[in-house]
Each structure stands twice: as C-alpha cells, then as structure tokens.
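Here the structure is laid out as structure tokens; the discussion comes afterwards.
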Amino acid sequence: LIPIPDSISYDEAAMCEPCAVAMHALNRAGVKEGDSAVVMGAGPIGLMLAQVARMLGASHVALSDIDEEKKAFARKLGFDILEEGENCADVVIEGTGASSALTRCLEIANRGGTVLCMGNPSREMVLSQKAYWHILRKELTVKGTWNSRYASFQNDWQDAIRVLSEGKLQAKELIT
C-alpha cells in the first residue's frame, strides 16, 4: 500500500500505475537534461511518457501516432507531433508493439542514441536488415522495459505518487 497525500484526488491517484510505468521506462532509457525525446504512440501511457520526459528535463519532446484524434489530444497538452521524415531524437520510446514503429524508432534515433522498447506486441515483431543496420551503424543502444518497480531500492509507485501530488504532471487530462 502507498499512502495518498491529501493534495491528490482519488482520480489522480488512479493514474499512479501509468505514471510509475512511464517513470520506470524513462529511468531505463536514461533520459537526462537537454535530451531530445520521441514517443511512438500517443495513447495514455505515451502521453504520460512524454510528460515525464519533459519533467526530467528533455529539451524537446514529440509524439508520433497514426490516429488523428490522439495527435490532436497530444497537441492540446502542448506536445509536438513528429513529422514524416524528421530524424531528431537522443531517446526514442517504442510504445505501440508494432514492427513498423520499432523500425521508425531506429531510423530517427540520433547516432549514439537510445531506443527503448516497451510496447506490448500483438503479433510477430519483424526487424528488416535495413533497420538492423541502423543499430550497428549509428551505434544505438536498444533496451527493453517491463512495467515498474516496487522495491526498497527503487519504488516507482512512491515516486509517481510524489510527482502527481506535487502537480508536476497533467494526470486529470488523461482521464476520459
């Protein structure tokens, strides 16, 4: 159990899990002050990832999605949408579980950048030879992440409640 401070509503506290997942993922990716970041997938977790990246000091955060409504909602929250052909990120998070999104992540990652895989695949993931060359020639770091940690040495849930209660993230806007 994690105590909820009086400064946070029950609705906001319910956003603790997606926030903890996002915080864990971005800690795995090593997002730091001044990094540029792109999140593939503008659903609730993707939007939380973008907010946490911004909170961690990323200088530019953009999202990508095929759904126009999700892109419009991301813009409403103040995020840029990655334009076709843009190649621009130090850290790229694959949040869709689609092979095409993973390929795009490898394409847009800067030389020496990090690609973090977190989307749950709904079918076979396939990596083309060209995509694999991006890993090699750009010397990319590819990492995976799973859920969050609830341990004494790293407790993403307590960290999530803290940042939510401090108003550092727009959690209410994600509740529909």
Here is a list: Val52, Val61. Which entry is closer than 24 Å to Arg104 by Cα, in contact (Cβ under 8 Å) with a residue 24 or more places away in the chain and touching a Ser or Thr at 6+ places or on another chain (Cβ under 9 Å)?
Val61
If we ask which residues in segment 27-57 are assigned to a helix (DSSP H, G or I), open to solvent by 10 Å² or more (accessible area, probe 1.4 Å) and β-branched (Val, Ile, Thr), their number turns out to be 1
Give me a count of the residues in segment 138-176 that are closer than 24 Å to Ala72 by Cα and of a type in the set (S, T, N, Q).
2
Within segment 124-166, of all residues that are under 24 Å from Lys70 (Cα atoms) and without any contact (Cβ under 8 Å) to a residue 60 or more places away in the chain, the one surrounded by the fewest Cβ atoms within 10 Å (Cβ to Cβ) is Trp146
Looking at Arg75, is it open to solvent by 10 Å² or more (accessible area, probe 1.4 Å) and within 21 Å of Gly167 (Cβ to Cβ)?
no
For Leu82, are the conditions met, namely being buried (at least 19 other Cβ atoms within 10 Å of the Cβ) and either β-branched (Val, Ile, Thr) or under 23 Å from Arg111 (Cβ atoms) (or both)?
yes
Qualifying positions in segment 108-123 - open to solvent by 60 Å² or more (accessible area, probe 1.4 Å) and outside any loop (DSSP other than H, G, I, E, B)
Arg111
Pick from segment 59-99, criterion part of a loop (DSSP other than H, G, I, E, B) and among the hydroxyl-bearing types (Ser, Thr, Tyr), ranking: farthest from the chain's Cα centre (by Cα):
Ser59
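The values are calculated or read from the model by the stated rules, or taken from the named source; none is laboratory data. Note that the structure is a prediction, hence the values are computed from the model and not measured. Please note: Cβ atoms are built from the backbone with ideal geometry, for glycine as well, and neighbour counts cover all protein chains shown. Surface accessibility is based on the protein's heavy atoms, side chains included, excluding ligands, DNA and RNA. Shrake-Rupley method; radii C 1.70, N 1.55, O 1.52, S 1.80 Å.
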